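To start, the structure under review is shown below, and the notes come after it.
Read the figures in this text as sums done on the coordinates, not as results from a lab. No experiment lies behind these values; they were computed from the predicted model shown. Cβ placement follows ideal geometry from the backbone for every residue including glycine, while neighbour counts extend to all protein chains displayed.
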Amino acid sequence: SSDLYNERRRHIKKAQPNPGHLLLAEMEKQYDICIITQNIDDLHERAGSSDVIHLHGEIMKSRSSRFEELIYLQTEDIKIGDCCEKGYQLRPHIVWFGEMVP
């Protein structure tokens, strides 16, 4: 349900990067680092990392339910009837069970 993902998004907004996130961001200043994570939060980016690959997507973004390439920053809850510019329902930009990992 979209309420589950909206609630998770609200909790993640309140979370703070931990010392590991901060250390990796600091190391990026001296080394060529690409972070590959299965996490769907944005804590690496908030810590300052800029080269992050999210294998399972990003819950702080939404996408069109039809056109996977239409991705949006999601600041509000996603509700039924919230559509992309092509008229298709928005959904969390995460990989659901049974979907292919990009």
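Numbers for the structure displayed
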{"item": "Close pairs from segment 64-77: first over 20 Å from Asp3 (Cβ atoms), partner of a type in the set (Gly, Ala, Ser) and not in a loop (DSSP other than H, G, I, E, B), Cβ under 7 Å, at least 6 apart", "result": "Leu70/Ser64"}
{"item": "Test result for Glu58, of a type outside the set (S, T, N, Q), within 17 Å of Glu99 (Cβ to Cβ) and surrounded by 13 or more Cβ atoms within 10 Å (Cβ to Cβ)", "result": "yes"}
{"item": "Residues satisfying the stated conditions in segment 1-30, i.e. under 30 Å from Ile80 (Cβ atoms), surrounded by 15 or more Cβ atoms within 10 Å (Cβ to Cβ) and in contact with a helix residue (DSSP H, G or I) (Cβ under 9 Å, 6 or more places away or on another chain)", "result": "Ile12"}
{"item": "Whichever residue in segment 31-55 is in a helix (DSSP H, G or I) and touching a strand residue (DSSP E or B) at 6+ places or on another chain (Cβ under 7 Å) and, among such residues, is surrounded by the most Cβ atoms within 10 Å (Cβ to Cβ)", "result": "His44"}
{"item": "Residue in segment 61-86 that is surrounded by the fewest Cβ atoms within 10 Å (Cβ to Cβ), counting only those that are more than 27 Å from Asn18 (Cα to Cα) and of a type in the set (Lys, Arg)", "result": "Lys86"}
